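The structure under discussion is supplied below as structure tokens; questions concerning it will follow.
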Amino acid sequence: MNASTLPSLLPGLAAAGTALADAPWWITVVFLLPALPALASGTATLITARSDARTRAMWDRHEDTYLTDPDRYRAGLDHIARVRQSLAVQPSVPAPDPAAQSQPPAEPSPAPP
């Protein structure tokens, strides 16, 4: 995936800001509008990576705590093993859409005469 990240966009934004420093505000806005989607994408990528790293660090801290006394924390270690196993065995095919499997509606009953 070639998603740009926020740090890779900063030099370009700094150069654009310097070049447009003496321009009227409406010209600056016109030139910076195309950069907004890339900036948003880079920010989202950065936030996702940071969140994943924090989650991983949390799991590692819990596991380290549990490993200090494995007999006392057996339930926690078993839970971590189950979660990791379920993440490793994720289905590669998406689940079928339940709406696609529903039965077609029955024919309405005829109105009484």
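The values are calculated or read from the model by the stated rules, or taken from the named source; none is laboratory data. What you see is a predicted model; the values in this text were computed from it and never measured. Here the Cβ positions follow ideal geometry from the backbone for every residue, glycine too, while neighbour counts run over all protein chains shown. We work out accessible area using only protein heavy atoms, side chains counted, and drop any ligands, DNA or RNA first. Shrake-Rupley method; radii C 1.70, N 1.55, O 1.52, S 1.80 Å.
Mind listing whichever residues of the stretch 51-66 are of a type outside the set (Asp, Glu) and under 10 Å from the mean Cα position of the chain (by Cα)?
Correct list: Ser51 only.
Pull out all pairs, ordered by first then second residue, where Cβ-Cβ is under 8 Å, the residues are six or more apart or on different chains, the first lies in the stretch 29-40 and is in contact (Cβ under 8 Å) with a residue 12 or more places away in the chain, and the second is surrounded by fewer than 14 Cβ atoms within 10 Å (Cβ to Cβ) and part of a helix (DSSP H, G or I).
Going by the 8 Å Cβ cut-off, the qualifying pairs are Ala35/Gly12.
Give the stretch 7-48 a look and list any residue that's surrounded by 11 or more Cβ atoms within 10 Å (Cβ to Cβ) and either of a type in the set (Ser, Thr, Tyr) or not in a helix (DSSP H, G or I) (or both), or say none.
Across the stretch 7-48, the qualifying residues are Ser8, Leu20, Ala23, Thr28, Ser41, Thr43, Thr45, Thr48.
Related question: State which residue pairs qualify: first residue more than 20 Å from Leu87 (Cβ to Cβ) and inside the stretch 55-77, second residue open to solvent by less than 100 Å² (accessible area, probe 1.4 Å) and aromatic (Phe, Trp, Tyr) in any location, beta carbons under 8 Å apart, and separation of 6 or more residues or different chains.
Cβ pairs passing all conditions: Thr65/Tyr73; Tyr73/Tyr66.
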